[in-house]
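Reviewing the structure listed below.
The values are calculated or read from the model by the stated rules, or taken from the named source; none is laboratory data. Keep in mind that this is a model prediction, so the values were computed, not measured. Glycine gets a Cβ as well: all are built from the backbone with ideal geometry, and neighbour counts include every protein chain shown.
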Amino acid sequence: MLQFDILIVGAGGAGLYAALETSKRKGLSVAVLSKVYPTRSHTGAAQGGINAALGNVAPDSPEKHAYDTVKGSDFLADQDAVELMCEMAPKIIREMEHMGLPFSRLKDGRIAQRPFGGASFPRTCYAADKTGHVMLQTLYEQCLKNGVKFLNEWFLLSIVHNGERVSGVVAMDLRSGEIHGIRAKAVILATGGHARVYWNRTSNALGNTGDGTAAVLRAGLPLKDMEFVQFHPTGLRRTGILVTEGARGEGGYLINNKGERFMKKYAPEKMELAPRDMVSRAIETEIMEGRGFRDDEGNEFVYLDLRHLGRKKILERLPQIRELAIDFEGVDPIEEPIPVRPTAHYSMGGIDADKLGRTPIKGLYAAGECACISVHGANRLGGNSLLDIVVFGKLSGEDAINYVSEIGFAPFDESEVKREEERIDSLFSSDGKEKLVDLRSELSDVMSYGAGIFREEKKMKEALEKVREIKERAKHVKVYDGERTFNTNLQQTLEFLNLVEIAETIVLPALERKESRGAHYRTDYPKRDDENFLKHSVVERGEDGELRLSWKPVVITKYQPEERKY
Amino acid sequence: MEKREVLFRIKRFNPKKDEKPYFQEYKLTVPKGMTVLEALQQIKDTQDPTLAFRAFCRSAICGSCAVKVNGFPKLACKTQIFNELDKFGTDTLTLEPLDNMEIIRDLIVDWDKPFKRMEEMKPWLVPDPEVVPKTLDEESRVYPNELKKFDSFTDCILCTSCFSSCTATQIDENYGGPFQLARVYRFAVDPRDALKAERSKIGYAFDMWNCVRCNKCADVCPKHISPVDGIMKLRGLSIDVGLKDNPGARHVMAFYKSLLESGMLNEVLLPLRTKGIKGVLENLPVGIKMILRGKAHSPVMKPIGEHETLIKVMKAAMEVE
């Protein structure tokens, strides 16, 4: 059996930072397992930047960064974790800079910073509009330098633990199709988000299917604040592909069919740079009230207008956005406005973890988008996710080093491997009465209907029922490809089954949270209710297979809840 | 909306089962705006679940989905089908796996070889203690014009399209490869790097002089990077650090010398200057023919008119570099 002191699952920013941290300690055996080659991870698609109070452009401080983050979160974030993250931000930016990360620069050679939504100052460090990409490349280079071992194109199936300590995972080598138990003293999950639940309209990669999150749920462990899903205001009209917030940070306008910058009605001060939840609701409201545009295919949208920025600025600061708009919408932003609409983007909720990434099971950590620490609360600010992943990747890596150096391997129950083999075998022999592609689309539609940007009791109840029905019907999905070598039919099926499990954990707490907070907006309860709901939701699956909902207090240090105005 | 009936010819191969690759045909009604990746997924969803291909971000940044479309490497996710059909004047698209790598299954190739090669070439920053601060209280200073020298090379998404079409890779097992050598250059001109131009020695060890400048790597790059440009500059750096005693460097120096002397390429002296007496002997049969047909010029050439202006231009160009 493969065996490592520390196994990291996922090779995006969080996984690679954890790997880098652990690789500095000599004598530890560490491996990174990922279902894609490391540089394919979705961190690479982050465009606009990473926040840190460097104060290179305007005076700034970690306290102000923390305040903006807490306010952006609609006061649901745990403030001790936010303070830790914002305090570490400048140092970790410099650490990556020292690794060779090619940040865009000011004339005097220091790191440039741009304005972003919900921030009081230009605080977002960037590399044109490819920040996540160069970050991922830089971290990967440093991992190669430190000789990190990679298991590329391996798929996580389950987490093995004994109720107290983690003992490893079961995973499939996609190339051979073989299923292996992997023993580890510590496992760091860095498996990314799950916005692919909204399959038909999302900015996410095809593989952002919450594999780690679903495995944690199956392992009987808690997920937190799952009702909070961020819809990014500016996805491309047809595909939902992301247009960075940096486009508005550089001065882009949002325009309705009356030619108005409609954000003046919703956030008179911050305008286009209000937080994402507000801007997304504003766009949807414009469309619902008939002030959007509609194309021949029936797609509805508003315009993101960059033309006044001028050719030079667009080519220099937003070259990738320009190319995406040309390739996917046939629109050159230098000449024409870009048609956009909100798109499912980011999972604020995830695996319940503390500020060192620790879960209730010793040795099991979660970091990055799969985790809910929680630093984003009910709504994440742009530029804080790249920060979150590196900070908590690093911290969980550090803590895991300490943990494994004092402890031996926990016994690994090999029947877990057999159980996964049987689960997969059954997919080949199912009756095939249901089709993967249909169910995936139905799931997406019902989630957008019931747990989208605007929510209400009746729709959510319908959605919960429908999701449970889809979960039952999913038992009849069949894998038709009988080969074991790189069976992408099997992989896509497993990914879909993860999404179905996660969908239920989003709707259930959404139904019970009878207030509006951040990205969770209820037309039947349009106000925030601190008295009853200033608390985290926690969802676990009981032994009977049913979900159980409980609540957990929010950590408040110095920022008292106040009304959120921009 | 406009729709077209399109025939997809897709190369299939499962080395565990098939003796050799074969083409399978699928028909699909394609609406305007559909990408090659969307078509592949639709074929998989509705016609053939066994079709194997890689895809991830679907927005041209992860580098997973490069395949050959009618013979040319493309990212499937950003390639519009109608554009390709119009370009080739056809209603058939042929999709094949990339070249220069083993096929794992169908359109999926084995990336281990190109990535391992890159790793051998040490593609990571080694911080220069003179430039990179020792503590995390400070940033290193990198000025915008310095960043400009290597910025485009950091766009590389490792899709291996360039590697697939590289002529030198096809014939030389030891050749570093286009994206790999370009990354060596990226670090060689990063002011924060301790090795700096010395990195060109890595390029030399990995046969960078075997690049034939066919330019295919630049033509196929979906991120508009020109690896060949980086390789040429890396060659220049190798001459700067003293790697002059080799045919590649001597060949370049011979061109340079020729221009300094007369402003014209002295083809008679070129073999001698590049490869010495051996070069002269090798080129003798061609040389004799050229002399017999009156095509050869004298080894002593008169400078062209305005030769001095040319020299000024050359010097100015080198300063800019």
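Okay, residues lined up against (1) more than 16 Å from A:Gly48 (Cβ to Cβ); (2) not acidic (Asp, Glu):
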{"position": "A:Ala267", "(1), (2)": "yes, yes"}
{"position": "A:Met288", "(1), (2)": "yes, yes"}
{"position": "A:Glu300", "(1), (2)": "yes, no"}
{"position": "A:Leu309", "(1), (2)": "no, yes"}
{"position": "A:Ile314", "(1), (2)": "no, yes"}
{"position": "A:Glu329", "(1), (2)": "yes, no"}
{"position": "A:Ile338", "(1), (2)": "no, yes"}
{"position": "A:Thr343", "(1), (2)": "no, yes"}
{"position": "A:Gly349", "(1), (2)": "yes, yes"}
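Anything in the range B:1-17 that is out of contact with any Pro (no Cβ under 8 Å at 6 or more places or on another chain) and either over 18 Å from B:Val67 (Cβ atoms) or part of a strand (DSSP E or B) (or both)? List them, or say none. Within the range B:1-17, B:Arg4, B:Glu5, B:Val6, B:Leu7, B:Phe8, B:Arg9, B:Ile10, B:Lys16, B:Lys17 qualify. Residue count for the range A:293-314 under the criterion of being more than 28 Å from the chain's Cα centre (by Cα) and of a type outside the set (Phe, Trp, Tyr): the result is 12.
Of all residues in the range B:53-66, none satisfies being more than 17 Å from A:Ala205 (Cα to Cα) and of a type outside the set (Asp, Glu).
Do you know which residues across the range B:117-166 are under 20 Å from A:Leu106 (Cα atoms) and touching a Ser or Thr at 6+ places or on another chain (Cβ under 7 Å)? B:Val131, B:Val132, B:Pro133 - these are the residues of the range B:117-166 that are under 20 Å from A:Leu106 (Cα atoms) and touching a Ser or Thr at 6+ places or on another chain (Cβ under 7 Å).
Confirm whether A:Gly118 is buried (at least 24 other Cβ atoms within 10 Å of the Cβ) and part of a loop (DSSP other than H, G, I, E, B).
Values: buried (at least 24 other Cβ atoms within 10 Å of the Cβ): yes; part of a loop (DSSP other than H, G, I, E, B): yes.
Against the criterion (buried (at least 24 other Cβ atoms within 10 Å of the Cβ) and part of a loop (DSSP other than H, G, I, E, B)), A:Gly118 qualifies.
What residue, among those in the range B:243-274 that are of a type in the set (D, E, K, R) and in a helix (DSSP H, G or I), is nearest to B:Ser152 (Cα to Cα)? It comes out as B:Arg250. Scanning the range A:25-74 for residues that are among the polar types (S, T, N, Q) and either away from chain B (no Cβ under 14 Å) or more than 22 Å from the chain's Cα centre (by Cα) (or both) gives A:Ser29, A:Asn51, A:Asn56, A:Ser61, A:Thr69, A:Ser73. Restricting the search to helices (runs of 4 or more DSSP H) fully inside the range A:251-336 and requiring at least 2 residues that are within 14 Å of chain B (Cβ to nearest Cβ) and closer than 28 Å to B:Cys156 by Cα gives A:311-317, A:319-329. Taking strands (runs of 3 or more DSSP E) as the structural unit, those lying wholly within the range B:32-135 and holding at least 2 residues that are more than 8 Å from every other protein chain (Cβ to nearest Cβ) and more than 30 Å from B:Lys196 (Cβ to Cβ) correspond to B:66-69, B:72-75, B:92-96. For the range A:344-357, the criterion of being within 14 Å of chain B (Cβ to nearest Cβ) and part of a helix (DSSP H, G or I) is met by none of the residues.
Kindly indicate the residue of the range A:88-98 that is more than 18 Å from A:Tyr67 (Cα to Cα) and in contact with a strand residue (DSSP E or B) (Cβ under 7 Å, 6 or more places away or on another chain) and also farthest from the other protein chains (Cβ to nearest Cβ) among those meeting that condition. Talk me through it step by step, then tell me what you get.
Step one: of the range A:88-98, the residues more than 18 Å from A:Tyr67 (Cα to Cα) are A:91-98.
Next, only the ones that are in contact with a strand residue (DSSP E or B) (Cβ under 7 Å, 6 or more places away or on another chain) stay: A:93, A:97-98.
Details: A:Ile93: 8, A:Glu97: 5, A:His98: 5 Å.
Per the stated criteria, the residue is A:Ile93.
Of the conditions (1) out of contact with any Gly (no Cβ under 6 Å at 6 or more places or on another chain); (2) outside the structural domain of B:Ala188 (by TED's automatic domain parsing), B:Pro271 clears all except one; give me its number. In the conditions (1) out of contact with any Gly (no Cβ under 6 Å at 6 or more places or on another chain); (2) outside the structural domain of B:Ala188 (by TED's automatic domain parsing), B:Pro271 misses (1) alone. In the range A:477-494, the residues that are at the interface with another protein chain (Cβ under 7 Å from one of its Cβ atoms) and assigned to a loop (DSSP other than H, G, I, E, B) reach residues that are surrounded by fewer than 22 Cβ atoms within 10 Å (Cβ to Cβ) and of a type in the set (Lys, Arg) with C-beta atoms within less than 8 angstrom, at least six apart or across chains, in these pairs: A:Glu483/B:Lys16; A:Glu483/B:Lys17; A:Thr485/A:Arg175; A:Thr485/B:Lys16; A:Phe486/A:Arg175.
Which residues, taken from the range B:186-196, are more than 17 Å from B:Lys148 (Cα to Cα) and either touching a helix residue (DSSP H, G or I) at 6+ places or on another chain (Cβ under 6 Å) or buried (at least 17 other Cβ atoms within 10 Å of the Cβ) (or both)? Even if it seems obvious, please write down each step before you answer.
Our first condition is that a residue be more than 17 Å from B:Lys148 (Cα to Cα); within the range B:186-196, this holds for B:194-195.
Residue satisfying the conditions is B:Leu195 alone.
The residue of the range A:206-236 that is farthest from A:Val32 (Cα to Cα), among those that are part of a loop (DSSP other than H, G, I, E, B) and touching an Asp or Glu at 6+ places or on another chain (Cβ under 6 Å), is A:Pro222. Are any of the residues in the range A:1-23 buried (at least 21 other Cβ atoms within 10 Å of the Cβ), out of contact with any helix residue (DSSP H, G or I) (no Cβ under 8 Å at 6 or more places or on another chain) and within 14 Å of chain B (Cβ to nearest Cβ)? Scanning the range A:1-23 turns up no residue that is buried (at least 21 other Cβ atoms within 10 Å of the Cβ), out of contact with any helix residue (DSSP H, G or I) (no Cβ under 8 Å at 6 or more places or on another chain) and within 14 Å of chain B (Cβ to nearest Cβ). Checked against the criteria, B:Lys20 counts as more than 8 Å from every other protein chain (Cβ to nearest Cβ), among the basic types (Lys, Arg) and part of a loop (DSSP other than H, G, I, E, B). Against the numbered list (1) among the small types (Gly, Ala, Ser); (2) within 14 Å of chain B (Cβ to nearest Cβ); (3) not in a loop (DSSP other than H, G, I, E, B), A:Ala247 comes up short only at (2). Within the set B:Gln47, B:Gln42, the sole residue that is without any contact (Cβ under 8 Å) to a residue 40 or more places away in the chain, touching a strand residue (DSSP E or B) at 6+ places or on another chain (Cβ under 6 Å) and surrounded by fewer than 21 Cβ atoms within 10 Å (Cβ to Cβ) turns out to be B:Gln47. Restricting attention to the range A:139-184, the residues that are in a strand (DSSP E or B) and either among the basic types (Lys, Arg) or more than 23 Å from the chain's Cα centre (by Cα) (or both) total 16. Where helices (runs of 4 or more DSSP H) fall wholly inside the range B:142-242, the ranges with 3 or more residues that are away from chain A (no Cβ under 14 Å) are B:161-165, B:167-171, B:200-205, B:216-220, B:227-240. A single entry from A:Ser347, A:Ser374 fulfils the requirement of being surrounded by 24 or more Cβ atoms within 10 Å (Cβ to Cβ), polar (S, T, N, Q) and in contact with a Cys (Cβ under 9 Å, 6 or more places away or on another chain): A:Ser347.
Against the condition over 19 Å from A:Phe486 (Cα atoms) and among the hydroxyl-bearing types (Ser, Thr, Tyr), how does B:Ser59 come out, does it pass? Against the criterion (over 19 Å from A:Phe486 (Cα atoms) and among the hydroxyl-bearing types (Ser, Thr, Tyr)), B:Ser59 qualifies. Could we say that A:Ser34 is at pLDDT 95 or above, among the polar types (S, T, N, Q) and over 30 Å from A:Glu316 (Cα atoms) here? Spelling it out, A:Ser34 is indeed at pLDDT 95 or above, among the polar types (S, T, N, Q) and over 30 Å from A:Glu316 (Cα atoms). Within the bounds of the range A:135-143, is there any residue that is facing chain B (nearest Cβ under 8 Å), crowded, with 23+ Cβ neighbours inside 10 Å, on the phi > 0 side of the Ramachandran plot and of a type outside the set (D, E, K, R)? No, the range A:135-143 contains no residue that is facing chain B (nearest Cβ under 8 Å), crowded, with 23+ Cβ neighbours inside 10 Å, on the phi > 0 side of the Ramachandran plot and of a type outside the set (D, E, K, R).
Quick check on my filter: what residues within the range A:99-130 are of a type outside the set (Phe, Trp, Tyr) and more than 11 Å from chain B (Cβ to nearest Cβ)?
A:Gln113, A:Arg114, A:Pro115, A:Gly117, A:Gly118, A:Ala119, A:Ser120, A:Pro122, A:Arg123, A:Thr124, listed by residue number.
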